[in-house]
1. So if each residue of separation counts as 0.36 nm, and I subtract the Cα-Cα distance between A:Asp170 and A:Thr83, what length gain in nm does that give?
2. Enter the mean number of other protein chain beta carbons within 10 Å of the beta carbon of each residue in A:98-107, as an integer.
3. Give a residue-ordered list of calculated ³J(HN,Hα) values for region B:100-107 (Karplus: 6.51 cos²θ - 1.76 cosθ + 1.60, θ = phi - 60°; whole Hz; x for Gly, Pro).
4. Beyond a 27 Å Cα-Cα separation, which of these cross-linked pairs lie in this structure: B:Lys2/B:Lys213; A:Lys37/A:Lys165; A:Lys50/B:Lys171; A:Lys192/B:Lys2?
5. Quick check: at a probe of 1.4 Å, how many percent of the accessible area of chain B sits on carbon and sulfur atoms?
6. How much accessible surface does B:Glu241 have with a 1.4 Å probe, in Å² rounded to 10?
7. With a 1.4 Å probe and every protein chain kept in, tell me what percent of the accessible surface of chain A is carbon plus sulfur.
8. Please get the size of the charge dipole for the protein assembly as shown, origin at its Cα centre, with Cβ charges of +1 on Lys and Arg and -1 on Asp and Glu, quoted in debye to the nearest 20.
Amino acid sequence: MAKNVWVFCEQRDGELQSVAIELLGVARELADKVNEKVVALLLGDGVSAKANDLVAYGADEVRVVDHANLKHFVTEYYAQAVTQLVKANDPNVVLFGATSIGRDLAPRLSARLHTGLTADCTKLEMDEAGNLFMTRPAFGGNLFATIICPEHRPQMSTVRPGVMKKPEFDGARKGDIIQETINWDDSKAVVKVVEEVKETKNVEKIEDAKILVSCGRGVKDVAPAFDVAKKVKGTVSSSRSLVDSGIIEHARQVGQTGKTVRPQAYLAFGISGAIQHLAGMEESEYIVAVNTDVNAPIFKVANLGIVADANAVLKQLDKIL
Amino acid sequence: MKIIVCIKQVPNTTEIKIDPVKNTLIRDGVPSIINPDDKTAIEVALQLKEKHGAEVVVLTMGPMQAEKALREALAMGADEAYLLSDRAFAGSDTLATSTIIAAAVKKLGADLVLCGRQAIDGDTAQVGPQIAEHLGIPQITYAAAVDYDAEREVLVVKRQFEDRYQTLEAKGLCLVTVLSTLGTPRYMNVWDMVAQDEKEIGIITFADLDLDKANIGLSGSPTKVKSTATKQFDKTIETVELDPEGAARAIVDALKARHLI
Ligand SMILES: Cc1cc2nc3c(=O)[nH]c(=O)nc-3n(C[C@H](O)[C@H](O)[C@H](O)COP(=O)(O)OP(=O)(O)OC[C@H]3O[C@@H](n4cnc5c(N)ncnc54)[C@H](O)[C@@H]3O)c2cc1C
């Protein structure tokens, strides 16, 4: 019978991606529900040393494929490795980060393994029988649908970065690290990587910020927001409207088509709180909303709601900080 | 070169409303459009056609109304259009959908298959890679640039990631999913729309394809929708009206109380 919760632990240049750690957290909860193991898959070239970290974040077992074929992300090689491991071990669940890698690999695997895949889940739950309930936004975030995959295994889903909480690092945890070998079929890997170029953008990462000073269409001038962010050691983020109008770069956008954030404080200035925006920030520890409209939906998720002119408040904050 | 472009007709999600009682979509009056990423895929195909000569075939699965999307693609310059429509296809999830589309691609024959990266109504980005796997051909997703090197007969694709890009080369039949940021779809005028009226749209049904009913439609879909819900928010807070000074002070106090500043 299919057993255990697997996590495809994405790494880039040997660095574990935060979404991999976040997935180990939710995998732990799911596995504990049915007393099964969390198994981390670590694929790459020269990545074995990272296996201990995956144990510390909650894996009971790490299956490592360390091979030159996996140096760059190449769909076919990654698909071959995961397929062989899945077929040999029959996991009940396999989770992937909903990144440009996970969203390429997971559907390929779902067709190869002939099983279901649910994209961009925001909630995962399991019943005693090991059935996974996968909740995701549908129709532009206006609805939430809970999806099941009753008759096929493994049950697979992708989860976007930032949606699940990162588990604690516990260096004392023990787990098994297993080196795997794959029978590669080079004849299938016909796409050649000519070059891979890292794009170092100078944008601060909003998903790592402790405090976000977030601006919406109600903010007429974003300069004071940047000053305030600097003073509180935070970062500026925004709603989509300022991104669409070219005032703020897309990397700072919060929401369903931007990033999911959970800072310790999210300060929303002149943001109405459309459902697609809320989807990206409602899990923040503490939410402050400043809006002139007392009926703005953002107030429904705020811990501190202030009816005031956002521009004047930002200027005043800049002054007193 | 024969290029098949797989497109989807989607409701314009910016105008979607939900029936708060029944939790269903109110489709009445919501305009349907060609999914934006798919429209760019059509544009890519037409540019390859202009540069290297190609036959551009558009393919969609959907109800008969999806013919409108195909007509628009023909007006843009596509040569042929096919609609996959059959009651046996209804209720298909992404895997079942990809099974059907792959069978149609196989029947029509192609040298290159293009899809949009994802559709705005489902946002899954799954059908493209799944079609590729069913056909046993390579996939390149998240394409930010697509070119064909006629001399070496290779497709050259810039594959975008969050923090990097790859330049990839593929020889032979493959499937590429493109980002709408790759290019702006061409504008079509009334004359294009009138001119395409002459063209016929091919209808492909279950009977035309080599398909097993066990793998398609609602019953052939591994995933099922168990329930749907609208979002509920449980926080109840008081909203306070403050002057700018008072507001700034309240925010600073709140951050201090949480030891954040
Ligand atoms: C498929 C889809 C995906 C989407 N993805 C995202 C996403 O990822 N992120 C996102 O943010 N949006 C997204 N959107 C768009 C979303 O629906 C909203 O349109 C958008 O979030 C609105 O941005 P806003 O709140 O800045 O602007 P508005 O909705 O225009 O709100 C402006 C607010 O500012 C207030 N205001 C005006 N003047 C002042 C003032 N002087 N002081 C204080 N307040 C003032 C107004 O009362 C209003 O509440 C998506 C939409 C769709 C259909």
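1. On the way: separation 87, 0.36 × 87 = 31.32 nm, distance 3.02 nm.
In short, 28.3 nm is gained.
2. The mean count of partner-chain Cβ atoms within 10 Å per residue comes to 6.
3. 5, 5, 4, 5, 5, 4, 4, 5
4. Values: B:Lys2/B:Lys213 29 Å; A:Lys37/A:Lys165 19 Å; A:Lys50/B:Lys171 35 Å; A:Lys192/B:Lys2 22 Å.
Exceeds cut-off: B:Lys2/B:Lys213; A:Lys50/B:Lys171.
5. On the way: 6200 of 12210 Å².
Of the solvent-accessible surface of chain B, carbon and sulfur hold 51 percent.
6. Around 150 Å² of this residue is reachable by solvent.
7. Values: 6070 of 12770 Å².
Roughly 48 percent, rounded to a whole number.
8. Working: 67 positive and 80 negative charges, 177 e Å.
Charge dipole of the protein assembly as shown: 840 debye, to the nearest 20.
The values are calculated or read from the model by the stated rules, or taken from the named source; none is laboratory data. Here the structure is a predicted model, which means the values were calculated and not measured. Cβ coordinates were reconstructed from backbone atoms using ideal geometry, including for glycine residues, and neighbour counts include every protein chain displayed. Surface accessibility is based on the protein's heavy atoms, side chains included, excluding ligands, DNA and RNA. Shrake-Rupley method; radii C 1.70, N 1.55, O 1.52, S 1.80 Å.
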